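> So that we are looking at the same thing, I have put the structure below in structure tokens.
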Amino acid sequence: MLLGISSCLEHSSPTDWASKHKALGLKSINFPVDYLAGENVYMAYKDAADKAGLLIAEVGIWRNTLAANLDERAHWIDYAINQLRMADRIGATCCVNVVGTPYGPRWDGGYRQNFSTELWKMAVDMIRQIIDTAQPQHTKFCIESMPWMIPSNPDEYLRLISDVNRPQFGAHLDVVNMITSPERYFFNDRFLDECFAKLKGHICSCHLKDIKLKEEYTFQLQECACGDGSLDIKRYIGLAEKENANMPMIIEHLTTDEEYANSVQYVYNLLK
């Protein structure tokens, strides 16, 4: 696997950015700028990554492409299209978003209607529109797995891939985001096996983190740094490597550069 982090690290230039990732022993990166930075800027970051031997794993969108306000929705769909075009230009493995929602104040929030037939159809149409307009030749467009919106389990993911029916649509696997029950938590080794068995051939990139059970009632789970929870990380990495020896695995949602460096070291020590 090609380990990376979601932090762009504090840096002064594209070359400095790439060299700091390489110094941590990383093999893949998340792209730190969007298309609005301009072609000269984003191509400078691409060239720096190429010279450092770093795979550009992910270009993020992180906008509500299903916003309730139709003008806002159209604006963010256009943003996603341009992000996907840039991702394809720089040779990124995938361009990723969550599906979004029109049903509440939080754009990535959990609402009952997120699992409605209406939402499903809107999501399929939106994904097709982004892919068909951008027409990427190399980069896959992906929707990240989530706890409270589709796809929240591997079966939903397979159905979404089938319904979208575009070869440029792939799976972005965040297993922790789908651990939402005692069964998946306590038997996460089995759930990991299920995810990779069902999504075989579709997975483009993975997020790497950990999860732990809080002591408070009722059943509450907390995302945490690698090694601070109960996820079978060694199994996760092993399954990812069987799927693709060069699978990007991106450590995310830490606060400081030091925390990211410590997490990277934990993972490499675990693999020793």
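The values are calculated or read from the model by the stated rules, or taken from the named source; none is laboratory data. Keep in mind that what you see is a predicted model, and the values were worked out from it rather than measured. Every residue, glycine among them, receives a Cβ derived from its backbone with ideal geometry; neighbour counts consider all protein chains shown. Keep in mind that these areas ignore ligands, DNA and RNA; they rest on the heavy atoms of the full protein, side chains included. Shrake-Rupley method; radii C 1.70, N 1.55, O 1.52, S 1.80 Å.
> Could you list all residues from region 90-148 that are open to solvent by less than 30 Å² (accessible area, probe 1.4 Å), touching a Phe, Trp or Tyr at 6+ places or on another chain (Cβ under 7 Å) and aromatic (Phe, Trp, Tyr)?
If the condition is that a residue be open to solvent by less than 30 Å² (accessible area, probe 1.4 Å), touching a Phe, Trp or Tyr at 6+ places or on another chain (Cβ under 7 Å) and aromatic (Phe, Trp, Tyr), then PHE141 is the only one that fits.
> Moving on. Looking at region 162-187, which of its residues are more than 17 Å from the chain's Cα centre (by Cα) and open to solvent by less than 10 Å² (accessible area, probe 1.4 Å)? Talk me through it step by step, then tell me what you get.
So the first thing to find is which residues in region 162-187 are more than 17 Å from the chain's Cα centre (by Cα), and the list is 162-167, 180-187.
Hit for region 162-187 is VAL164, nothing else.
> Looking for whichever is among the charged types (D, E, K, R), surrounded by 16 or more Cβ atoms within 10 Å (Cβ to Cβ) and either under 17 Å from HIS21 (Cβ atoms) or at pLDDT below 95 (or both) here; the options are GLU252, GLU258. Which one fits? Can you show your working first?
Working: GLU258 fails: surrounded by 16 or more Cβ atoms within 10 Å (Cβ to Cβ).
When all the criteria are applied, what remains is GLU252.
> Could you check HIS207 against (1) within 23 Å of LYS20 (Cα to Cα); (2) open to solvent by less than 70 Å² (accessible area, probe 1.4 Å); (3) outside any strand (DSSP E or B) and say which number it fails?
(3)
> Search region 85-127 for residues being assigned to a helix (DSSP H, G or I) and farther than 19 Å from LEU160 by Cα, and hand back the single one that is nearest to the chain's Cα centre (by Cα). Working first, answer last.
Residues of region 85-127 assigned to a helix (DSSP H, G or I): 85-90, 112-115, 117-127.
Applying the additional criterion that residues be farther than 19 Å from LEU160 by Cα yields 85-90.
Details: ARG85: 18, MET86: 17, ALA87: 14, ASP88: 16, ARG89: 19, ILE90: 18 Å.
Step by step, filter region 85-127, then rank; the result is ALA87.
> Select from region 216-249 the residues that are under 17 Å from the mean Cα position of the chain (by Cα) and part of a loop (DSSP other than H, G, I, E, B) and write down the one among them that is surrounded by the fewest Cβ atoms within 10 Å (Cβ to Cβ).
Across region 216-249, the extreme among qualifying residues is ASN246.
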